[in-house]
Amino acid sequence: MIPGPADLLLVIDVQVDFLPGGALPVPDGDRVVRPINALQDRFRHVVLTQDWHPPGHVSFAASHPGRAPFETVRLASGDQTLWPVHCVQGTPGAAFAPGLATDRAALILRKGSDPAVDSYSAFLDANRTTRTGLAAALGERGIRRVVLCGLATDFCVLWSALDARAAGFEVVVVEDAVAGIDAPTVPGGSLAEAWARMAAAGVGRIGAAAFG
Ligand code: VGL
Ligand code: ZN
């Protein structure tokens, strides 16, 4: 695949807290940095996202007395998985992964800033009504295809892929430039379920080698 002017590389949440040793470590999360840097050199359009929560965010187990990380609670916006405190605005854990190239991106989008609503997706909050503005920004740049990479396959990459499809973009995930959490709360694992949901939505899968 040779990316053209209508192709965007969307790099999801490659941040310190999602790397091994971080607050919400994604197994092998650090392995995505090198292929993502190589991918960025192939694309004219690059957007990076950061999970960017205020202290006391609703997605933190610590914000719900008696609850533990990976439990689920029911909120007005729907079922919410509870997480360890992670990606707090301005903290070292919210910074981009060391070594990640950030100079190519035309846009850095921060999401999850509403104290009461989570946002796995780069396009739409968990309440499914508040848009981040990304779909419009990509439309204005003439983007038709979104190529996704980053963390985590089964949460922020998954939701961003589904919402990009719903917004009318062609969507492809670079399977060796993503890594998943595989949360124990989903029977059979959230990673297998994520790939199945993306396939059902018409999301393509490609290897980084296809970009040369
Ligand atoms: C993410 C869980 C909580 C992600 C963000 O980037 O996939 N997962 N917040
Ligand atoms: Zn988060």
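The values are calculated or read from the model by the stated rules, or taken from the named source; none is laboratory data. Quick caveat: nothing in here was measured; it's all calculated off a predicted structure. Glycine gets a Cβ as well: all are built from the backbone with ideal geometry, and neighbour counts include every protein chain shown. The accessibility values were calculated without ligands, DNA or RNA, using every heavy atom of the protein model including side chains. Shrake-Rupley method; radii C 1.70, N 1.55, O 1.52, S 1.80 Å.
May I ask you to list the GluC sites (Glu not before Pro) in the stretch 147-212 that are in a DSSP loop and have at most 14 other Cβ atoms within 10 Å of their Cβ?
none
With the other protein chains left in place, how much accessible area per residue, in square angstrom, belongs to the chain at a 1.4 angstrom probe? It would help to have the intermediate numbers written out before the result.
Numbers: 9100 Å² over 212 residues.
On a per-residue basis, the chain sits at 43 Å².
What are the chymotrypsin sites (Phe, Trp or Tyr not before Pro) within the stretch 1-97 that DSSP puts in a loop, where the Cβ has at most 16 other Cβ atoms within 10 Å? Provide the component values of the computation, followed by the final result.
Values: sites: Phe18, Phe43, Trp52, Phe60, Phe70, Phe96; in loops: Phe43, Trp52, Phe70.
Answer by residue number: Phe70.
When DSSP assigns beta bridges and you keep just the ones with both residues in the chain, what percent turn out antiparallel, to the nearest 5?
20 percent
Of all the accessible heavy-atom surface of the chain, with the other protein chains kept in place and a 1.4 Å probe, what percent is carbon and sulfur?
Using a 1.4 Å probe with all protein chains present, the chain comes out at 54 percent carbon and sulfur.
Collect residues whose amide H, placed 1.01 Å from N in the peptide plane, falls under 5 Å from the amide H of Leu75; neighbours closer than 5 in sequence don't count.
For Leu75, the qualifying residues are Gln80.
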